[in-house]
Amino acid sequence: MIKFDRVTKRYADGTVAVDDLSLEVPTGEITVFVGPSGCGKTTSLRMINRMIDATEGQILLDGVDVKTIDPPTLRRGIGYVIQQAGLFPHRKIVDNVATVPYLLGWDRKKARDRAMELLERVGLDLKMADRYPFQLSGGQQQRVGVARALAADPPVLLMDEPFSAVDPIVRTSLQEELLRLQAELNKTIVFVTHDIDEAIKLGDRVAVLRVGGRLAQLADPPTLLARPADDFVREFLGRDRGIRRLSFVSDEGLRLRADLTVSVSADVSTVRGADESWLAVVDGENRPLGWASVKDLPETGTLADVRLAPYGTFVRGRDSLRGALDAALLSPSGSAIAVDEEGRAEGVATREALDEALGKVAGGVGA
Ligand SMILES: Nc1ncnc2c1ncn2[C@@H]1O[C@H](COP(=O)(O)OP(=O)(O)OP(=O)(O)O)[C@@H](O)[C@H]1O
Ligand SMILES: [Mg+2]
């Protein structure tokens, strides 16, 4: 655990970058520091590994004041990733990743093996190992930056806007990669960003800072979205708070109707009298094929003869209520088809069912 205990940083010119900050960063979790430019995020982060020393207060790493640990020793246990990766331009990728192991005196082969293993872990083609940083895209360099920070297997990882310089698509994949890695590695991560969506996506807990380096709120994402502490936090969270909150509400309580899915081999005469205007048609393996409009059914034949409208599905137990609602909005029937992880239909979440589930969230019960 990392503990900030009444930490203040005053720079030589009198600027108070961080003001009386107290918070705890739990072991094995991602804690995000988010806030507008100049609110002291980088300063706070760098005080942990003593690139900057606090003016007042203490930072405790597993109970030990970092000021009592000499910086090289301290940093051995703390990986550090920055924007644009900060790779050494004249070293090959593999040697960039092996930087800390070399410093620790590992033999060359062991260090390189470790580097190769990590490159694979962060999703890079091993062909890249012998290239130089300028021969990689920004997103690839960023992955190398993460691999390098993990090389000596430090328990703590500090990440300062690591994904800010890449385009939104690459950024999304880097975020997902980080969450996947974290699920395996369980590092204690402090992640700095000015992007609230990134904070909400990655953080187990999110610390919102305001200019002057003061903590505005520390909470898990659903709590932050549901109950911002004040106007500053509310404004910083931006629009669509209510909708975004649905991402954290499980869809598992959604009532599904199995009677609204029919096999493509069914005869039209058997479904003509259905009391719904749309039916979800599935193949022999129960995978959705599309929606059939009941009033437009032909006189004879099977559902295989019917032109089906494209459908919205959500993966039950994984996609959250927001995913279910989104699928319903994209579907001509206004209902969403729930599928399992293999893509097999489990039933249909009708508008009534969605309405019921949303009603519970609106009342605060679903959070
Ligand atoms: N060496 C320094 N001397 C004086 N003031 C500084 C110094 N470094 C940072 N500051 C000031 O301290 C405040 C916090 O800076 P910091 O870099 O921690 O902000 P930040 O939240 O990381 O901002 P950004 O989102 O722009 O990276 C700012 O007002 C900045 O100008
Ligand atoms: Mg910064």
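The values are calculated or read from the model by the stated rules, or taken from the named source; none is laboratory data. Quick caveat: nothing in here was measured; it's all calculated off a predicted structure. Please note: Cβ atoms are built from the backbone with ideal geometry, for glycine as well, and neighbour counts cover all protein chains shown.
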Quiz item: Has the stretch 245-261 got any residue that is buried (at least 19 other Cβ atoms within 10 Å of the Cβ) and among the basic types (Lys, Arg)?
Solution: yes
Quiz item: From VAL166, VAL170, which residue is of a type in the set (A, V, I, L, M, F, W, C), assigned to a loop (DSSP other than H, G, I, E, B), free of Cβ contacts under 8 Å to residues at least 60 places away in the same chain and away from ligand 2 (no atom under 16 Å from the Cβ)?
Solution: VAL166
Practice problem: Please go through the stretch 204-225 and pick out each residue that is buried (at least 23 other Cβ atoms within 10 Å of the Cβ) and farther than 18 Å from ASP5 by Cα. | Solution: LEU224, LEU225
Quiz item: What strands (runs of 3 or more DSSP E) completely inside the stretch 251-299 contain at least 1 residues that are in contact with a Ser or Thr (Cβ under 9 Å, 6 or more places away or on another chain) and in contact (Cβ under 8 Å) with a residue 60 or more places away in the chain?
Solution: 278-282
Quiz item: Across the stretch 200-213, what is the total count of residues that are out of contact with any Phe, Trp or Tyr (no Cβ under 7 Å at 6 or more places or on another chain), at pLDDT 95 or above and closer than 15 Å to LEU45 by Cα?
Solution: 1
Practice problem: Output the residue which, of all residues in the stretch 26-51 that are of a type in the set (Gly, Ala, Ser) and within 10 Å of ligand 1 (Cβ to nearest atom), is nearest to the chain's Cα centre (by Cα). | Solution: GLY35
Practice problem: Please work out if ASP65 is at pLDDT below 95 and away from ligand 1 (no atom under 13 Å from the Cβ). | Solution: no
Quiz item: For the stretch 105-126, how many residues meet the condition of being of a type in the set (A, V, I, L, M, F, W, C) and either more than 27 Å from the chain's Cα centre (by Cα) or outside any helix (DSSP H, G or I) (or both)?
Solution: 4
Quiz item: What about PHE4, is it more than 16 Å from ligand 1 (Cβ to nearest atom), of a type outside the set (Ser, Thr, Tyr) and more than 23 Å from LEU185 (Cβ to Cβ)?
Solution: no
Quiz item: Hey, among GLU341, GLU346, which residue is within 30 Å of GLY242 (Cβ to Cβ), touching a residue at least 40 places away in the same chain (Cβ under 8 Å) and of a type in the set (Asp, Glu)?
Solution: GLU346
Practice problem: Would you point out which residue out of ARG180, ARG210, ARG205 is within 16 Å of ligand 2 (Cβ to nearest atom) and basic (Lys, Arg)? | Solution: ARG210
Quiz item: out of contact with any Asp or Glu (no Cβ under 6 Å at 6 or more places or on another chain) and within 16 Å of ligand 2 (Cβ to nearest atom) - does that describe any residue in the stretch 87-100?
Solution: no
Practice problem: Scan the stretch 177-188 and report the pairs whose first residue is under 16 Å from VAL156 (Cβ atoms) and touching a residue at least 60 places away in the same chain (Cβ under 8 Å) and whose second residue is of a type in the set (Val, Ile, Thr) and surrounded by fewer than 18 Cβ atoms within 10 Å (Cβ to Cβ), with Cβ atoms within less than 7 Å and a gap of 6+ or a chain change. | Solution: THR188/THR27
Exercise. Of the numbered conditions (1) free of Cβ contacts under 8 Å to residues at least 40 places away in the same chain; (2) within 16 Å of ligand 1 (Cβ to nearest atom); (3) part of a loop (DSSP other than H, G, I, E, B), GLY212 fails exactly one; give the number of that condition.
Key: (1)
Exercise. Inspect the stretch 146-158 for any residue being basic (Lys, Arg), out of contact with any Ser or Thr (no Cβ under 8 Å at 6 or more places or on another chain) and in contact (Cβ under 8 Å) with a residue 24 or more places away in the chain and give the result as yes or no.
Key: no
